[in-house]
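Since the structure comes first, as structure tokens, the remarks are kept for the end.
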Amino acid sequence: MKKPIKIALHKGRLLADTASLLQEAGWGLNDYDAETRLYHLKSTCFPELSAKIFNEKDIPIQVAIGNYDLGICGLDWIAELLVKYPSSAVIKVKELDYGRGYLDIYAPRFAERSLADIVDSADLIRIASEYPNLAESYAARSRFRKFSVFSLWGAAEVYPPENAELVLITESTKRKNLNDELIPLRRVMKYNACIIANRMSWETKDMSHYLDGIPESKPAGTISLAPINETTTEKRKINWSDSDNITLALPDGHQQSPTIDLLNKAGIKVTNYVSSGGNRRPTTNIEGIMIKVIRPQDMPSQVANGNFDLAITGKDWLKNHLYQFPGSPVEEMLDLKYGWVRIVSVVSNSWPVNDTAGLRKYIRANDLSLRLASEYVNIADKYARDNHMGMYRIIPTWGATETFVPDDADVLIENTQTGKTLAKNNLKIIDVLFESTACLIGRIDATYSPLKKQRIKTITAKLSAALQES
């Protein structure tokens with residue numbers, strides 16, 4: 001009997017090309033397409049072959065730790081793992097002829113110094129990126145004197161010039177967001193799609209008959225730090241630096257609609273916030289407010305480090321931040337009463353467990369080392385510690401979290417409104433950790449000018465009055 005082969009596939013940018021490739025190679029994963037709502041797939045051609053769909057960023061990690069024998073993802077995410085953990089058990093098997101792109105360092109077009117000055121500066125250089133390991137590697141290899149990397153969930157392109165001097169993003173990110181305020185400085189790497197394997201699986205399992213039908217492309221290349229542009233940046237006055245102005249972060253994604261509804265009720269008219277072009281710099285009718293649209297997950301840390309004065313995020317992300325940094329200066333200023341979800345502990349329906357106490361007894365009786373998967377890594381860690389779960393491991397995820405249980409994790413810490421999606425995936429809620437709604441956050445220890453204090457008080461009062469009317 002052939003050994004089982006598990007492959008990690010992705011949803012998103014490479015899905016269509018990967019689906020076509022696997023169909024031509026005869027892998028029999030017929031349900032893998034853009035319309036699928038399945039996360040677990042079985043091959044119709046090879047009884048031993050199965051697949052699971054993940055967020056692309058999760059795939060190198062899942063293959064490295066041995067949960068999956070093979071994976072298909074971009075070389076950019078493989079490099080992000082290997083540049084920090086070069087001994088990880090991931091090997092590149094075949095580079096593929098699609099998913100090509102570039103990962104570049106960009107500088108703001110409208111800055112107050114040249115690009116050479118930014119690189120050679122003795123000041124602290126801030127780099128924003130979803131690829132923090134590659135950003136740190138770039139800065140170290142470029143011999144920056146002082147630098148700091150903002151590890152972000154997304155929207156890195158909006159941070160320069162006010163909140164970061166440099167940004168590491170893909171060329172497609174810049175093009176998609178029509179961001180003409182960034183100019184390329186260095187090419188960090190070229191990438192394309194790639195098949196990877198777990199080293200142990202590659203050495204102990206014969207996978208040649210799956211891979212023989214897949215052509216290999218010319219390698220995309222490695223980190224080069226090749227210069228792209230040495231042009232001096234242009235100059236202009238940036239109002240963001242005005243000490244009397246308020247810097248406000250608004251959320252992207254599904255929270256945009258209820259956020260704009262509340263702002264409108266409060267008489268704070270925001271122009272081009274929910275836009276088809278993905279605008280991340282909307283304007284408002286209130287004097288002295290500078291706005292950027294970023295990920296809610298990033299807001300607590302960005303308020304804590306002083307990049308924003310106010311932000312609208314979820315209590316879940318605020319708690320996740322404060323559990324990691326209990327001395328953080330960030331505080332909740334106002335409960336905004338929308339975006340209600342429960343943060344829950346979840347296990348497979350097959351486990352004879354109905355609550356956290358039962359979970360603790362079950363893992364002790366079976367001498368289990370618990371695996372907890374979550375986007376909320378600090379909430380998950382606190383849950384395990386507070387409930388004395390013994391030996392445990394936190395598995396960070398970046399989406400499609402419900403796919404992890406039961407194969408790749410034992411417990412899921414997740415947000416839910418109705419629980420229907422969890423139930424569809426044969427999962428059950430055993431505990432509600434807390435309830436979360438949208439909230440306005442700010443800094444406890446900030447020293448503001450009298451005008452800025454008054455402006456913050458005015459915004460808070462307007463939002464509070466709008467909530468009273470609802």
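Residue 46 satisfies every condition listed in (1) at pLDDT below 95; (2) among the hydrophobic types (A, V, I, L, M, F, W, C); (3) part of a strand (DSSP E or B) except (3).
Listed here are the residues, each with its yes/no results for (1) assigned by TED's automatic domain parsing to the domain that holds residue 273; (2) part of a helix (DSSP H, G or I); (3) among the small types (Gly, Ala, Ser).
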position: 145; (1), (2), (3): no, no, no
position: 149; (1), (2), (3): no, no, no
position: 161; (1), (2), (3): no, no, no
position: 164; (1), (2), (3): no, no, yes
position: 168; (1), (2), (3): no, no, no
position: 173; (1), (2), (3): no, yes, no
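Taken over the range 421-450, the criterion of being surrounded by 13 or more Cβ atoms within 10 Å (Cβ to Cβ), of a type in the set (A, V, I, L, M, F, W, C), in contact (Cβ under 8 Å) with a residue 12 or more places away in the chain and not in a strand (DSSP E or B) is satisfied by 422, 446. Each residue in the range 362-389 was checked for being of a type outside the set (Val, Ile, Thr) and surrounded by 13 or more Cβ atoms within 10 Å (Cβ to Cβ), and 17 pass.
When you check residue 323 against the structure, is it in the same structural domain as residue 442 (by TED's automatic domain parsing), of a type outside the set (D, E, K, R) and within 30 Å of residue 59 (Cα to Cα), yes or no?
Answer is yes for this residue.
Just to be sure, is residue 54 more than 30 Å from residue 29 (Cβ to Cβ), of a type in the set (Phe, Trp, Tyr) and in contact (Cβ under 8 Å) with a residue 12 or more places away in the chain? Judged against the criteria, residue 54 is not a match. Annotation: of all residues in the range 1-31 being out of contact with any strand residue (DSSP E or B) (no Cβ under 6 Å at 6 or more places or on another chain) and surrounded by 20 or more Cβ atoms within 10 Å (Cβ to Cβ), the one that is nearest to residue 209 (Cα to Cα) is 27.
Annotation: residue 97 fulfils all but one of (1) of a type outside the set (S, T, N, Q); (2) within 30 Å of residue 7 (Cα to Cα); (3) modelled with pLDDT of 95 or more; the unmet one is (3). Of the residues making up the range 138-169, those that are surrounded by fewer than 20 Cβ atoms within 10 Å (Cβ to Cβ) and closer than 22 Å to residue 192 by Cα are 153, 154.
With respect to residue 427, determine if the residue is out of contact with any Gly (no Cβ under 7 Å at 6 or more places or on another chain), hydrophobic (A, V, I, L, M, F, W, C) and more than 21 Å from residue 323 (Cα to Cα). Here the answer is yes, as residue 427 does meet what is asked.
The values are calculated or read from the model by the stated rules, or taken from the named source; none is laboratory data. Bear in mind that the values here come from a model prediction, so they are computed numbers and not experimental data. Note that we place each Cβ from the backbone using ideal geometry, even for glycine, and neighbour counts take in every protein chain shown.
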